[in-house]
Amino acid sequence: MSLNGKTIILTGGSSGIGEQAAIQLASLGAKVCIVARRSDELERVQNLIQQQGGQAWIYPTDITKNDDAQQCIEKILSEHKTVDVLINNAARSIRRPIMEALDRLHDYERTMQINYFAAVRLTLALLPHFLANGHGHVVNVSTMSTQVPIPLFSAYLASKSALESFSRSLKMELGDQGINVSIVYFPMVRTPMSSKTKIYKHMRMLDTDTAAGWLVKAVQEKPYRVTSTSGAIANALLNTAPNTVMSLTRPLFKLMDRRLEKKL
Ligand SMILES: NC(=O)c1ccc[n+]([C@@H]2O[C@H](COP(=O)([O-])OP(=O)(O)OC[C@H]3O[C@@H](n4cnc5c(N)ncnc54)[C@H](OP(=O)(O)O)[C@@H]3O)[C@@H](O)[C@H]2O)c1
């Protein structure tokens, strides 16, 4: 489906899934406004898009900083007549056992700053524009790891779960005023983020091209949820029988980590 003429703000487009999504969205005719901190990486992605005949604008911004993020949205709105879609993709992940984070409340604060507050900040800044136009689509990127019980990522997963709850409220409150909301539950994807965990080197993962296709699908079809079937089934089981599911999966994760460590 062509995205001709659609203006899309995409955060975290300087690497990984966001970079590929920017390229795919632009190749379908979208005008992509890419937001991330590193201007050199943003320029690289913009050049790639322009070489393929696409249109991209870049806005180097740390979206955890309130004033900078507000200025970024104001600049985008002054340069583009209409914004149709916001994709909240920028994030950071932390893998650490809770018992090693007893003096690290900042782990929890930092993940919330980018994964939750920055996404909410941009959404709130754009809502008046969306409502005035009678339409707007917010795509929030989450993870399959909130659909299943996963150890070692408490700070990251709590921030993503917060974003999911916000998404539900947004849909319930403004869905009948033209505001669409989608949540994308990615499984593991081979990117700079997942590569930080060395033991995941030998784990099977999606490539960024396929993952970016999930974001394109979210934009084109506006489903409430983009998920793997296994994520959806695991989530239904977890909601139905949480104690049983958690006691069955706990030893499995320990076994998986031991096996992956051996392969290193
Ligand atoms: N990779 C996986 O296995 C996986 C699995 C499930 C879900 N996800 C989700 O998929 C999304 C993309 O992840 P990825 O793996 O592609 O990660 P990535 O390659 O590490 O990219 C993260 C992006 O976020 C941007 N970013 C980080 N902090 C920022 C800030 N303060 N202000 C503006 N931009 C910021 C980074 O750009 P700068 O550094 O230039 O700012 C970068 O473009 C994330 O929401 C992630 O949680 C990933």
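Laboratory data are not the source of any read-out in this text; all were calculated from the coordinates shown. Computed from a predicted structure; not experimentally measured. Virtual Cβ from ideal backbone geometry, glycine too; neighbours counted across all protein chains shown.
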(request) Calculate, for I199 and H80, the FRET efficiency according to 1/(1 + (r/R0)^6) with r their C-beta to C-beta distance and R0 41 Å; round to the nearest 0.05. (result) 0.45
(message) Students often check this: by mean Cβ neighbours within 10 Å, which of 160-170, 6-16 ranks highest, and how do the rest follow?
(response) 6-16, 160-170
(request) Order by neighbour count: T146, T210, fewest other Cβ atoms within 10 Å first, most last. (result) T210, T146
(message) Just to be sure I understand the rule: take each whole DSSP H helix in the chain, project its Cα atoms onto its long axis, keep it if the span is 24 Å or more and its mean Kyte-Doolittle hydropathy is at least -1.0. Which ones pass?
(response) 154-174, 242-263
(message) Based only on other Cβ atoms within 10 Å, what is the fewest-to-most ordering of F153, F130, F253?
(response) F253, F153, F130
(request) Please grab the % of Cα pairs in the chain that end up more than 29 Å from each other. (result) 30
(message) Ignoring everything except DSSP H segments at least 4 long, calculate the 222 nm mean residue ellipticity for the chain; use -39,500 (n - 2.57) per segment, divide by total residues, nearest 500.
(response) -16000 deg cm²/dmol
(message) Using 0.36 nm times the number of residues separating R168 and K263, minus their current alpha carbon distance, what extension gain do you get?
(response) 30.2 nm
(request) Could I have the simple spin-label model distance between K222 and D209, label points 7 Å from Cα toward Cβ, reported in nm to one decimal? (result) 3.0
(message) I'm checking a number: the convex hull volume of the Cα atoms of the stretch 75-149, normalised per residue, in Å³. What is it?
(response) 103
(message) Could you work out the relative contact order of the stretch 1-82? I mean the mean sequence separation of Cα pairs under 8 Å and 6+ apart, divided by the number of residues, in percent.
(response) 26
(request) Provide, for q = 0.10, 0.15 Å⁻¹, the log10 of I(q)/I(0) from a solvent-free Debye sum over equal Cα point scatterers in the stretch 89-212. (result) -0.36, -0.75
(request) Pull out the extension gain between A236 and D40, defined as 0.36 nm times the separation in residues minus the alpha carbon to alpha carbon distance; nm, one decimal. (result) 66.3 nm
(request) With 20 Å as the limit, write out which pairs from K201/K263; K31/K196; K171/K217 have Cα-Cα distances beyond it, or answer none. (result) K31/K196
(message) I'd like the projected area of the stretch 163-241, averaged over all directions, using the convex hull of its alpha carbons. Report it in nm² with one decimal.
(response) 6.9
(message) As a test of understanding, state the convex hull volume per residue of the stretch 1-130 from its alpha carbons, in Å³.
(response) 112
